[in-house]
Structures are given as C-alpha cells and as structure tokens.
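The values are calculated or read from the model by the stated rules, or taken from the named source; none is laboratory data. Predicted, not measured: the structure shown is a model, and the values here were computed from it. Cβ placement follows ideal geometry from the backbone for every residue including glycine, while neighbour counts extend to all protein chains displayed. Keep in mind that these areas ignore ligands, DNA and RNA; they rest on the heavy atoms of the full protein, side chains included. Shrake-Rupley method; radii C 1.70, N 1.55, O 1.52, S 1.80 Å.
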Amino acid sequence: MPASTHKSICFIGDQPHPGDLNLTKYCLEKSELPHHASILDVGCGSGKTVQFLRESGYQALGIDLHNLQDLPAMPEGSLYARANWYDIPACTDFFDAVFAECTFSLIQALDRHLSEVRRVLKPDGKIIFHGLYARNNLSGPSLESIGQDCSLKYLRNQPQLTQEIQAAGFKILCWEDQSQVLKEKGNYLHNLCWGPHLFGQTNPQDPPVPQESEKDIFDFFLAIAQLKIGYYVAIALKK
C-alpha cells in the first residue's frame, strides 16, 4: 500500500499497526474482557482485527471510512459499516469494549471522538487503544515542521493523551510503552504516511503547490527525530 496515496488511512507500512495481531492479542489479555464480549473496532482498516476477534469468540464489528469494498464477506452478516468515528451508528451503552488501534495520531478533535466512544460503551466498558506518541515534549517548532499533509500532524505525548482521556470521563487502568515494536518493525517508520505534495509538486500534470505549503525534506525528518516517536498500549475504563 503506497503511503503517498493513502495519507488519511490508519496504516503505517503494509500492516494495520506495528506488532500486528500479536499486539491485539496482548491487549485482549490485559483487558480481561468477558467471553463473547461485544467489541467495536473504530478505524478497522482491512478488517483484520475484526476477523481475529470473531475467531477468538468475541462479537466484533468494525467501522471505517475507507476500503470497505476490500473487506472480506462473512456469512454471519454485515460486520462492517462505513461511518465517521464522530458519529458511531450504534445505540447508547451497547459495547463492552472499543478498540482504537493506531488511530489517535490521526484525529484532531479527539474529545469529540472520545465522547462518542463513551456513549456507545456500556457502564464499566473499556476502551483499548494503542498507537504512536511523542516521547519528547511537543513544545517548539517540531510539530509545525511536519506540516498538515502528514499522518503525524495530531501526534500527542503521554501527558496530553492522559489529560484528554480523563477529561472525556475515563479512568486509565494501564499505560505501557511498547516502542520495541518500532525497533522490531523498522519499516513502519520508513513508510510513514504523508501526502504526495508534502515536499512540492511531484507530478508535472498536477496544479502547482503553493510554496508556503512545501516542506524541506531535511527539516521534516529532523522534526520527526526530535519528537522521539514511540509506541504505547493503554486501557481505560468508562467512569
């Protein structure tokens, strides 16, 4: 999957997230969900996690705005829906858990998304989320140097994520740094998603790119390095 043509999709490289299903399995073990729990995967991508959850005995559904035509057909019925994560097509207090895998760094209005997640979760429901975060302080020009055409433009650090999760009415049960998955899968950061015009006009047939929107490629990767990108796994309880 070429990163340059899928800037808004949750993929980083050719897999749904670093760690792949091994990390999903680890999250399930940590969350201690009841057998046959109902789970919503927001930003389900290719549907790989939804398939895995159902094969593991859970009642899993997925929503996404992309690639639904490529999702596998299942005899049990419709397992996927094209939907915005700010407007989840589900009843209030419906799911035991919500999975959000490698999505929060793509979301600007995270408070709106978390409010909707809280609505569809049952009392004492859990949100299981993991993804990229900045291990360094985000103050300074680093994030601005990345630009608006990159999938890291809404990257947060741990204090910021913690504050937004708690403000949305959740209690964080665990937070773990899992940055070793990036070291084990180094190709993920090599395939960071950015728009095709981040560094200027790449196709002579395309309209000219405004000079002020272009990014110097060396400044871009220097900013990425300064953020000290890591990976985390976390679970939070609906209060």
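If you go through segment 96-116 one residue at a time, how many are assigned to a loop (DSSP other than H, G, I, E, B), polar (S, T, N, Q) and open to solvent by 10 Å² or more (accessible area, probe 1.4 Å)?
Result for segment 96-116: 1.
What's the number of the only condition in (1) of a type outside the set (Ser, Thr, Tyr); (2) at pLDDT below 75; (3) open to solvent by less than 80 Å² (accessible area, probe 1.4 Å) that PRO208 fails to meet?
Evaluating PRO208 over (1) of a type outside the set (Ser, Thr, Tyr); (2) at pLDDT below 75; (3) open to solvent by less than 80 Å² (accessible area, probe 1.4 Å) leaves (3) as the failure.
Do we find that TYR26 is at pLDDT 55 or above, farther than 21 Å from TRP175 by Cα, hydroxyl-bearing (Ser, Thr, Tyr) and open to solvent by 20 Å² or more (accessible area, probe 1.4 Å) in this structure?
no
Could you check segment 48-81 and list, in sequence order, the residues that are at pLDDT below 85 and closer than 19 Å to CYS102 by Cβ?
Selection gives LEU65, HIS66, ASN67, LEU68, ASP70, LEU71, TYR80.
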